[in-house]
Amino acid sequence: MTPPLAEIFSQGDEVVTGEIADTNAAWLARELVPMGFHIARHSAVGDRLDALVSLLREISARADLCLCSGGLGPTCDDLTAEAVAHAFDLPLVEDPEALRQIEAWFARSGRPMPAVNRKQALLPQGAERLDNLWGTAPGFAVQAGRCRFVFMPGVPTEMKAMFGHWVKPDLARRYVLAPEKLVILRTVGVGESALQELLEPVELPPGVRLGFRAGGPENQVKLLFPAACPEEQREATVRRAMAAIGEAVYAIGGDEEPGSGLEAVAGKNLDARRAKLFIVEAASGGLLASRCAGREWLLGTLAASPPETLHRWLGGKPEGDGPRVAATLAVMALARSGADFALVQLAEPDALKEGSGPAPVHFALAGSNRLWQESRVVSGNPQRKRLGAAALALDFLRRRLPGG
């Protein structure tokens, strides 16, 4: 079954000029995809009536659904209802119930309704009104050509509430939907090009789409399975993909999945042991401490770049190369902090400066009668190196600390 085609359309000069980020479109897409819609396009148009009219007519000929946000306010630059009227020959008509609701909203606020707000009660003839229980701008829906258009306010809280209350249940009734299944493999320490090479030998079932989301040191592999794909085949494909990538896969699930973040995964064994960790961070400028803040297993952190700061706190200056110094610091931090484990992340300060090349980062994890060590390389500008050093420290903790 072919999924219905959906488009998302945002209106407003503030969107197209970059004054605000179009978070509405991203949020709506995340809502529609799990329902079974295929998102074909995102569009944004400024406060120009002719451009709005043209786009509405184009969408009506190519999409099954279009969700629109913005342009429903009372001012002269709010043109959505007028554009719909021109595009589809639907004259604007005052909706008495919409006007009553707008007047009631101002009455509850203890303010008289400005005359310009009466404009918000003008809806295209035959439109279905969507009551706004959270603001003054009613939404509305019309059918034009093959496409059902749903127009919602641009204020994110109002748009989200209207979608959940009115729009989503209506879409589930109107469309025959077979949701695709998206599986996300979260990885760390492997670039997206390398991930694709690792996955090339993996045979995908018919209709499965492979994609990637780059995020610096942490990248995602996306496997989108058709609704008809049997569960056993889907699970087998995921297992083959994970085996091809190896231990770089640290979780399955998107950003919204609880417990799938790298810091949460890295701390699972600490949680299981009811153990405490102390962190000495000398390569990521506090980013590692920030990612771990609030975790029950975190006893404390020391974030310092100058080696002298570390030496003062630990009470000594270790001798040797980078890996040896990191190991010595971990043992010293374990004794000084009273934690169950101490994690050290260390790099030469000059290696993290602008214009420097790839930088070795040394990791050491000390526990009672145990010491784990590893060195990795980060590259890019200083901020990218710091982000990489923080993520790789968590990855080191995840892989090296045995279960409780």
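Each value in this text was obtained by applying a stated rule to the coordinates, not by laboratory testing. It should be emphasised that the depicted structure is a prediction, and the values quoted were computed from it without experimental measurement. A quick note on method: Cβ atoms are made from the backbone with ideal geometry, for glycine too, and the neighbour counts reach across all protein chains shown.
Cross-link reach is defined here as a Cα-Cα straight distance under 14 Å, omitting same-chain residues fewer than 8 places apart; for K317 the aspartates and glutamates meeting it are E308. The packing ranking, built from the mean of other Cβ atoms within 10 Å per residue, places the peptides 285-293, 147-155 in the order 147-155, 285-293, highest first.
With a sphere of radius 14 Å drawn around the Cβ of L49, what net charge do the other residues whose Cβ falls strictly inside it have (Lys, Arg +1; Asp, Glu -1)?
Charge balance near L49 sits at -4.
The Cβ shell under 13 Å around G322 holds other residues with a net charge of -3, Lys and Arg each +1, Asp and Glu each -1.
Considering only C68, L199, A98, the residue lying farthest towards the positive end of the dipole of the chain is L199, judged by Cα position with unit charges set on Cβ.
Kirkwood's formula applied to the C-alpha pairs of the stretch 258-358 gives a hydrodynamic radius of 14.4 angstrom. For the stretch 146-272, the dipole from Cβ point charges (+1 on Lys and Arg, -1 on Asp and Glu) about the Cα centre works out to 740 debye, to the nearest 20. Under 19 Å of direct C-alpha separation, and excluding same-chain neighbours fewer than eight residues apart, K385 reaches these lysines: K353.
Excluding same-chain neighbours fewer than eight residues apart, the lysines reachable from K222 by a Cα-Cα span under 17 Å are K181. Sequence-ordered 3J(HN,Hα) estimates for the stretch 370-383 from the Karplus curve with 6.51, -1.76 and 1.60 and θ = phi - 60° stand at 9, 8, 10, 9, 6, 10, 10, 10, 10, 9, x, 6, x, 5 Hz, glycine and proline given as x.
Report the net charge of residues surrounding K222, where surrounding means a beta-carbon distance below 10 angstrom and charges are Lys +1, Arg +1, Asp -1, Glu -1.
+2
Taken over the alpha carbons of the stretch 9-145 as equal point scatterers, the Debye sum produces base-10 log I(q)/I(0) values at 0.09, 0.12, 0.21 Å⁻¹ of -0.28, -0.50, -1.38.
Working note: Debye formula, equal point scatterers on the alpha-carbon atoms of the stretch 181-252, no solvent; log10 I(q)/I(0) at q = 0.13, 0.27, 0.28 Å⁻¹ is -0.32, -1.33, -1.41.
Ordering G357, W313, L387 by the projection of their Cα atoms onto the charge dipole of the stretch 292-404, which places +1 on the Cβ of Lys and Arg and -1 on the Cβ of Asp and Glu, puts L387 at the extreme positive end. Relative to the longest principal axis of the Cα atoms of the chain, the long axis of helix 231-245 lies at roughly 40 degrees. Once the convex hull of all Cα atoms in the stretch 188-328 is built, its volume per residue stands at 153 Å³.
The ranking of Y175, Y250 by Cβ neighbour count inside 10 Å, starting from the fewest, reads Y175, Y250.
Measuring how big the chain is from its alpha-carbon positions, Rg and Dmax come out at 27.5, 82 Å. Where both bridge residues fall in the stretch 5-174, DSSP classifies roughly 40% of the beta bridges as antiparallel.
Rounded to the nearest 20, the Cβ-based charge dipole of the stretch 1-123 about its Cα centre (Lys and Arg +1, Asp and Glu -1) stands at 260 debye.
In the stretch 284-384, taking the dipole from charged Cβ atoms about the Cα centre, the farthest positive-side position among V378, L298, V325 is held by L298.
Rounded to the nearest 20 debye, the dipole size of the chain about its Cα centre is 1280 debye, using +1 on the Cβ of Lys and Arg and -1 on the Cβ of Asp and Glu.
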